[in-house]
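First up is the structure itself, then whatever we jot down about it.
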Amino acid sequence: MSSPAPPRRVLSGMRPTGRLHLGNYHGALRNWVELQYQYECFFMVADWHMLTTGYDDTTQLQEHVRDVLIDWLAAGLNPGVATLFIQSHVPEHAELHLLLSMITPLGWLERVPSYKDQQEQLKEKDLATYGFLGYPLLQSADILVYRAAYVPVGEDQVAHVELTREAARRFNHIYGREADFEAKAEKAVKSLGGRNATNYRALRRKFQETGDAEALERARALVHSNSRITVADRERLLGFLEGTGVTILPEPQVLLTATPKVPGLDGRKMSKSYGNTIGLREDPDEVVKKLRTMTTDPARVRRTDPGDPEKCPVWDLHKIYSDEATRKWASEGCRSASIGCLECKQPVIDRIVEEIGGMRRRAQEFEDNPETVRNIVAEGAEKARTAARETLDEVRRSMHLRAD
Ligand code: TRP
Ligand code: SF4
């Protein structure tokens with residue numbers, strides 16, 4: 001059996017929706033840039049996921065994948081430390097998805113909240129497809145194929161990680177048995193020594209027959225306190241208590257991203273579908289124009305009307321971009337009508353133009369050197385495949401899909 005994955009592996013993905021905006025940046029990307037220096041990170045462009053809702057027109061898919069990659073690089077994802085790749089370059093995702101589909105009850109997928117929500121929201125599309133129903137399980141495969149410990153996502157994706165945990169648990173329950181697990185476990189029990197072995201057996205029986213949680217806890221403590229047994233035997237004894245076997249696909253955990261609210265130009269959440277975005281490499285003059293006309297507190301009709309920052313989307317931008325002194329100046333100036341909205345917006349405009357300027361420069365370098373981007377993606381695919389193959393080898397073996 002190959003060694004388990006490094007304990008602190010992270011995987012996340014993004015659909016190739018085309019050029020990214022400040023909502024994508026503050027909602028995910030900025031966090032990924034930090035995570036890449038703390039964990040072993042895999043970040044993928046989820047092009048197959050795009051097909052689950054956008055199967056009818058794929059003509060722009062390549063371009064959108066490239067745009068997302070370049071935006072990632074411009075935002076500071078570093079291919080020297082993180083693995084950046086494209087989902088469809090790693091066919092192991094599809095294989096694991098197929099295998100998981102065999103053991104996943106339909107009800108699990110029908111109950112995922114996004115299933116009905118999205119069908120409602122995207123009424124103009126026929127989403128009564130097999131692929132759309134199964135896409136959260138494809139996401140499970142994305143995660144499990146790397147045996148990732150953590151998945152940084154926002155609230156809206158938590159249910160998908162929960163499904164992933166259930167799928168992993170079910171897989172391990174069905175296939176996670178060494179051929180001679182019981183025999184090995186029994187032997188490990190004996191190695192605990194006379195009294196301890198007797199106690200272990202009694203506690204295990206009690207837990208399995210009555211579900212007594214205290215018995216389980218006491219048995220675990222007994223195993224942990226025994227310093228003479230091997231690590232492998234300890235894991236067998238712990239698994240044996242609950243009737244489970246070896247863990248082939250570990251259950252991942254959500255790394256909930258604490259994200260600021262990023263308002264769009266009309267005050268609603270910034271989103272491509274609302275057409276209210278500021279792009280990461282938009283022309284600075286355009287950005288200035290957009291921000292100058294951005295919605296503010298509707299109560300401030302005239303310059304002399306006092307306003308309430310809490311009712312103003314520009315205030316949400318101050319929370320992201322301004323230091324405390326500037327925020328104080330804006331808030332007090334607004335409430336007392338001593339500053340106008342344009343004045344109030346200026347520090348935010350300056351900061352955003354500066355931020356976007358840096359991204360534009362970096363993006364341009366990659367635009368000018370398509371070979372560099374191709375190499376990054378090829379290398380990413382190679383690294384991702386090596387990790388994915390290891391998992392699939394073990395998965396196939398545990399399912400007796402091959403002889404060795
Ligand atoms: N479903 C995610 C989204 O729509 C993208 C995604 C695909 C993903 N595979 C993933 C996120 C795996 C985290 C882990 O935003
Ligand atoms: Fe919004 Fe600033 Fe205008 Fe107040 S002064 S309404 S916070 S833009």
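Can you name the residue in region 167-214 that is farther than 30 Å from His97 by Cα and touching a Gly at 6+ places or on another chain (Cβ under 8 Å) and is also least open to solvent (accessible area, probe 1.4 Å) among such residues? Restricting to residues being farther than 30 Å from His97 by Cα and touching a Gly at 6+ places or on another chain (Cβ under 8 Å), the top hit is Ala185. Within region 137-153, being within 27 Å of Lys269 (Cα to Cα), within 8 Å of ligand 1 (Cβ to nearest atom) and of a type outside the set (A, V, I, L, M) holds for Gln139, Pro152. Filtering region 279-338 to residues that are surrounded by fewer than 19 Cβ atoms within 10 Å (Cβ to Cβ), aliphatic (A, V, I, L, M) and not in a helix (DSSP H, G or I) leaves Ala299, Val301, Ala337. Considering region 45-125, the qualifying helices (runs of 4 or more DSSP H), each wholly inside and each with 3 or more residues that are under 22 Å from Asn31 (Cβ atoms) and touching a strand residue (DSSP E or B) at 6+ places or on another chain (Cβ under 7 Å), run over 61-75. In region 329-354, the residues that are assigned by TED's automatic domain parsing to the domain that holds Pro298 reach residues that are polar (S, T, N, Q) and away from ligand 1 (no atom under 16 Å from the Cβ) with C-beta atoms within less than 6 angstrom, at least six apart or across chains, in these pairs: Ala337/Thr304; Cys341/Thr296; Pro347/Ser322; Pro347/Thr326.
Mind checking which residues of region 188-225 are under 21 Å from Glu178 (Cβ atoms) and not in a helix (DSSP H, G or I)? If the condition is that a residue be under 21 Å from Glu178 (Cβ atoms) and not in a helix (DSSP H, G or I), then Leu192 is the only one that fits.
Checking each residue in region 326-340 for being touching a helix residue (DSSP H, G or I) at 6+ places or on another chain (Cβ under 7 Å) and either within 9 Å of ligand 2 (Cβ to nearest atom) or of a type in the set (Asp, Glu) (or both) picks out Ala330, Ser331, Gly333, Cys334, Ile339. Here is the figure for region 222-265: residues that are farther than 22 Å from Arg397 by Cα and over 30 Å from the mean Cα position of the chain (by Cα) total 13. Please work out if Glu390 is at pLDDT 95 or above and surrounded by fewer than 20 Cβ atoms within 10 Å (Cβ to Cβ). It is false that Glu390 is at pLDDT 95 or above and surrounded by fewer than 20 Cβ atoms within 10 Å (Cβ to Cβ).
Residues that are over 15 Å from the mean Cα position of the chain (by Cα) and either in contact (Cβ under 8 Å) with a residue 60 or more places away in the chain or outside the structural domain of Pro91 (by TED's automatic domain parsing) (or both) were ranked within region 36-53; the one that is nearest to Ala381 (Cα to Cα) is Trp48. Out of Asp350, Asp305, Asp316, one residue alone is over 30 Å from the mean Cα position of the chain (by Cα), under 30 Å from Arg19 (Cβ atoms) and more than 16 Å from ligand 1 (Cβ to nearest atom). It is Asp350. The condition (being crowded, with 18+ Cβ neighbours inside 10 Å and away from ligand 1 (no atom under 16 Å from the Cβ)) is satisfied by just one residue among Leu84, Leu73: Leu73. Here Glu355 passes the criteria (1) within 16 Å of ligand 2 (Cβ to nearest atom); (2) closer than 23 Å to Gly267 by Cβ except the one numbered (1). Of everything listed in (1) modelled with pLDDT of 90 or more; (2) among the polar types (S, T, N, Q); (3) surrounded by fewer than 20 Cβ atoms within 10 Å (Cβ to Cβ), the single unmet condition for Gln139 is (3).
Residues being part of a strand (DSSP E or B) and open to solvent by less than 10 Å² (accessible area, probe 1.4 Å): count how many of those fall in region 142-166. Lay out the reasoning, then the answer.
Here is the first cut: in region 142-166, the residues part of a strand (DSSP E or B) are 150-153.
If we keep only those that are open to solvent by less than 10 Å² (accessible area, probe 1.4 Å) too, we end up with 151-152.
Within region 142-166, residues that are part of a strand (DSSP E or B) and open to solvent by less than 10 Å² (accessible area, probe 1.4 Å) number 2.
The values are calculated or read from the model by the stated rules, or taken from the named source; none is laboratory data. Source: prediction; values computed, not measured. Virtual Cβ from ideal backbone geometry, glycine too; neighbours counted across all protein chains shown. Note: areas computed on protein heavy atoms with side chains; ligands, DNA, RNA excluded. Shrake-Rupley method; radii C 1.70, N 1.55, O 1.52, S 1.80 Å.
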